[in-house]
Amino acid sequence: MLENVSPAFRIISFRGMAQVIKTAILMMAHGSRIAEANDAAYQVAQMVREQTGFEIVEVSFRELHEPNIQSGIDTCVLKGAERILLMPYFLFMGAHVQHDLPEEIAQAEKRYPGLIMAMGSHLGVHRKLAEIETERIGESLERLGWR
C-alpha cells in the first residue's frame, strides 16, 4: 500500500508502524512592484508541481509583492504540510540568499516549533541555464534579423 506514495510524502517507521509526512515546496522569489512580472514564478511553480508530483508547491516573495515568505509558510501549513523545503528562486548567492532567507526561516521556526523546514539551493550556475540563455540569444538574433 505504501509503495505508491507520492514523492511529496516521506514514510518513516516508528515501532513497526509507518507514518507518512506531507512535504511542501515553497519557492521564494524576489518580487516586483509590477504584478505581472511576478506571474512567471507562479507559472514555474505549476511546472514544478507537474514535474515533481508534489501536491503543495507555493510561491512567496521576499519583498515588493504578496504573499510574503511568512504568508507562504502559513499557506503550506494550512494545506497540511509537516515539512517544507524552501527553495530560493534566485539566480545568484546574494544577500537575500545568504542572510535574509535564513532569517525568514528562523522567524517561522519560532512560530511553528514542530514544523520541519530546510532551505534548498538557489539556481546558481547550471548548464541548463546556459542552454536557456543560448536559446534566448538565438530567438533574439532571429527576431532582429541578425542571422
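The values are calculated or read from the model by the stated rules, or taken from the named source; none is laboratory data. Predicted model only: the values in this text are computed from it and were never measured. Methodologically, a virtual Cβ is constructed for each residue, glycine included, from the backbone with ideal geometry; neighbour enumeration extends over all protein chains shown.
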Problem set entry | Scan of the stretch 1-46 for residues that are touching a Cys at 6+ places or on another chain (Cβ under 7 Å) and modelled with pLDDT under 55, ordered by number | none
Seminar exercise, completed: Scanning the stretch 47-104 for residues that are touching a Cys at 6+ places or on another chain (Cβ under 6 Å) and more than 26 Å from I132 (Cα to Cα) gives I56, I84
For this session: Working carefully through the options A81, A95, find the one that is buried (at least 17 other Cβ atoms within 10 Å of the Cβ) and among the small types (G, A, S).
Result: A81
Exercise. Among the residues of the stretch 47-83 satisfying the criterion of being in contact with a strand residue (DSSP E or B) (Cβ under 7 Å, 6 or more places away or on another chain) and among the acidic types (D, E), which is nearest to A118 (Cα to Cα)?
Worked result: E82
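Here's the yes/no breakdown for (1) of a type in the set (D, E, K, R); (2) more than 24 Å from G124 (Cβ to Cβ); (3) within 15 Å of the chain's Cα centre (by Cα); (4) not in a strand (DSSP E or B):
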site: I25; (1), (2), (3), (4): no, no, yes, no
site: H65; (1), (2), (3), (4): no, no, no, yes
site: G72; (1), (2), (3), (4): no, no, yes, yes
site: P102; (1), (2), (3), (4): no, no, yes, yes
site: Q107; (1), (2), (3), (4): no, yes, no, yes
Problem set entry | Boolean, M117 is of a type in the set (A, V, I, L, M, F, W, C) and outside any helix (DSSP H, G or I) | yes
Exercise. Which numbered condition trips up F54, out of (1) farther than 12 Å from A24 by Cβ; (2) in a loop (DSSP other than H, G, I, E, B); (3) among the aromatic types (F, W, Y)?
Worked result: (1)
